[in-house]
């Protein structure tokens, strides 16, 4: 599993643009920037939609005031699902939605979660991290249900 001090692995996400899905690399997202990245097991799932994501959306100004350049969320979903979730959650212009449709990024981090028995396949564990110029500075992995350790309030306390 990735740890504080490690460099993020090279990966390519899919993001929904006005022209359709486009690739976006870790270099494009993280190089030379201070980024808060959080991950959810799935877009539109209850904890992710009702607790985790809204905390980051609602604390956008406070996170930016602490010097964060970008706030991003990733999930093992395709760009179309991530784009619909972004729009439904009123996060356009605030949070970047990074589709990790095949769980390649989650697996490269060692943060995949096998929910096959629950009909969801391989997903990402719930976590948050502060990444500066591609290097992990803080990492908060949820050990149980909920979004406390990886939520926006916890991240604000670490900045």
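The values are calculated or read from the model by the stated rules, or taken from the named source; none is laboratory data. It should be emphasised that the depicted structure is a prediction, and the values quoted were computed from it without experimental measurement. Note: ideal-geometry Cβ built from the backbone for every residue, glycine included; neighbour counts use all protein chains shown.
Within the range 104-114, none of the residues are in a loop (DSSP other than H, G, I, E, B) and modelled with pLDDT under 95. Kindly evaluate residue 139 against the criterion of being within 17 Å of residue 57 (Cα to Cα) and touching a strand residue (DSSP E or B) at 6+ places or on another chain (Cβ under 7 Å). The answer is no for residue 139.
Sub-8 Å Cβ pairs linking a first residue in the range 127-153 that is without any contact (Cβ under 8 Å) to a residue 24 or more places away in the chain and at negative phi to a second residue that is assigned to a strand (DSSP E or B) and surrounded by fewer than 20 Cβ atoms within 10 Å (Cβ to Cβ), at least 6 apart or interchain, are 149/140; 149/141, ordered by first then second residue. Considering the conditions (1) under 23 Å from residue 25 (Cβ atoms); (2) in contact with a strand residue (DSSP E or B) (Cβ under 6 Å, 6 or more places away or on another chain); (3) in contact (Cβ under 8 Å) with a residue 60 or more places away in the chain, residue 115 is excluded by exactly one of them, (1).
So that you can scan it fast, the table gives a plain yes or no per residue for (1) over 25 Å from residue 114 (Cα atoms); (2) at pLDDT below 95; (3) not in a loop (DSSP other than H, G, I, E, B):
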| residue | (1), (2), (3) |
| --- | --- |
| 13 | no, no, yes |
| 27 | yes, no, yes |
| 32 | yes, no, no |
| 37 | no, no, yes |
| 43 | no, yes, no |
| 68 | yes, no, no |
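On the stretch given as the range 89-98, residues that are under 16 Å from residue 61 (Cβ atoms) and touching a strand residue (DSSP E or B) at 6+ places or on another chain (Cβ under 8 Å) total 3. Looking at the structure I just gave you, is residue 101 touching a strand residue (DSSP E or B) at 6+ places or on another chain (Cβ under 7 Å) and outside any strand (DSSP E or B)? Considered against the rule, which asks whether it is touching a strand residue (DSSP E or B) at 6+ places or on another chain (Cβ under 7 Å) and outside any strand (DSSP E or B), residue 101 comes out as yes.
When residues in the range 1-11 are screened for being surrounded by 12 or more Cβ atoms within 10 Å (Cβ to Cβ) and either more than 14 Å from the chain's Cα centre (by Cα) or in a helix (DSSP H, G or I) (or both), 4 of them pass.
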